[in-house]
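Below is one structure, written out as structure tokens; the observations come after it.
Rule-based calculations on the coordinates, nothing more; no lab input. Only a predicted model underlies this, so the values are computations on that prediction, with no experimental measurement involved. All Cβ positions, glycine included, derive from the backbone under ideal geometry; neighbour counts span all protein chains shown.
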Amino acid sequence: MSVVERGSAGPAGVVEARPTRRGTPRRSTILKIVVTIFLAGYVLWQARLGDALAELGDADWRYVLLATCFAVLAMILNVARWQLMLHGQGARAPLPSLVRLYLIGMFFNNILPSRLGGDVVRAYGASILATSKTRSVAAVLMDRLVGATSVLLLGVLALALNPTVFPWQLGELLVVGLGGMVLILGVLLSRSPLSASVRSRLSRLATFSLFGLRLGARLSAGVEAVRSYARARGLIGRALVISMVANGLSIVNLSLYSFAVSADVSLAQVAVVAPVILAVGLLPLSINGIGTIELTFVVLFGALGVEGHVALAIALLRRLVLLVLSLVGGALYAVRRFA
């Protein structure tokens with residue numbers, strides 16, 4: 001039975017029912033679904049899915065197993081970066097518990113049409129475990145910003161080392177993205193008069209409320225929580241180093257997937273294209289990057305001389321390992337939820 005809203009009475013005195021907007025997909029979600037279907041279909045057709053599956057059948061799974069171990073290590077490093085961000089908020093959370101929350105977040109990322117689903121799960125779980133919701137959200141936000149900055153930085157470095165491999169549009173996107181991330185971090189961490197002015201304006205909003213919620217107070221508290229990292233810039237530097245190492249392991253992973261399907265590329269060549277692939281994965285263009293990431297594999301590995309179906313096989317191996325880790329998170333969530 002559908003849910004309806006109470007409407008105005010009609011000529012016969014009957015109340016007209018109006019369907020609610022609750023549950024209606026947002027336009028952005030519908031657009032993502034369309035982009036996902038189109039790009040995934042195009043890549044699977046252009047790169048010959050049947051040939052890619054044949055490559056997977058002949059793959060050396062020892063390389064995939066080794067890559068899975070490196071993927072777990074990279075994940076633990078990312079969790080350590082998140083733990084460092086929580087320390088910046090005065091929270092002390094044990095690494096094993098955060099690893100568990102991170103895996104659960106990966107599971108939600110793979111079943112929801114948004115990469116923010118996992119971040120919401122992480123923030124909520126950490127708020128139960130160690131700190132307030134405001135400080136937990138601030139830690140996840142800074143973790144995301146530092147992680148994205150490290151990926152874009154590696155991408156720009158790869159672009160500088162070998163600009164002929166990348167389409168110029170992609171190069172411009174990387175440079176603009178890195179500039180935007182640096183600008184955001186600069187505004188959040190600086191102690192300029194402009195930042196003080198913003199905080200002052202937010203404090204004035206603290207007296208206003210909407211439907212009983214003091215929005216200004218919540219916003220002001222959130223900004224202050226993020227701004228607290230301005231007093232711990234060394235912490236941000238350490239988190240950036242950890243993130244660069246984790247992304248370096250991700251580059252090694254892509255090289256191992258390439259070795260598994262006998263792609264004729266070296267680790268140095270993969271190191272050029274991998275940061276760009278990781279950066280494209282951050283773009284909210286499709287559901288969980290489906291289609292966009294695979295297309296990026298085909299285009300960039302194609303620039304290295306790899307056939308389309310082989311590049312698609314590499315992309316599928318990467319997604320398979322991430323799916324396995326996500327299913328582990330799903331099992332952990334089914335056993336004990338967030339507690």
*asked:* At a 10 Å Cβ-Cβ cut-off, how would you order Ile128, Ile293, fewest neighbours first?
replied: Ile128, Ile293
*Based on other C-beta atoms within 10 Å, arrange Glu55, Glu294, Glu172 from fewest to most.*
Glu172, Glu55, Glu294
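Taking the Cβ of Leu185 as the centre, find all other residues whose Cβ is under 13 Å away and add up their charges (Lys, Arg: +1; Asp, Glu: -1).
+2
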*Would you mind computing, in nm to one decimal, how far apart the modelled labels at Lys133 and Leu327 are, each placed 7 Å from Cα along Cα→Cβ?*
3.4
*Pop the C-beta distance of Val241 and Ile33 into the FRET formula with R0 = 41 Å and round what comes out to the nearest 0.05.*
0.60
_Contact order relative to length of the stretch 32-336, as percent, for alpha carbon pairs under 8 angstrom and 6 or more apart_ = 34
_Give me the one-decimal nm value for the distance between modelled label points at Arg231 and Asp264, 7 Å along each residue's Cα-to-Cβ direction._
6.0
*asked:* Tell me which of Ala274, Leu183, Leu157 sits at the most positive position along the dipole axis of the stretch 32-336, charges placed on C-beta atoms (Lys, Arg +1; Asp, Glu -1).
replied: Leu183
*What whole number of Å gives the distance from the Cα centroid of the stretch 245-295 to the Cα centroid of the stretch 123-145?*
28
*Please check which bits of the stretch 261-300 a label hung off Val175 would reach, taking the label as a point 7 Å along Cα-to-C-beta and the cut-off as backbone N under 11 Å.*
none
*Taking the Cα-to-Cβ direction at Trp168 and at Val335 and moving 7 Å from each Cα, how far apart do the two end points lie in nm?*
5.4
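When a footprinting reagent is the concern and you count Cβ atoms within 10 Å, what order do Ser127, Ser190 take, fewest first?
Working: Ser127 19, Ser190 13.
The most exposed by this proxy come first: Ser190, Ser127.
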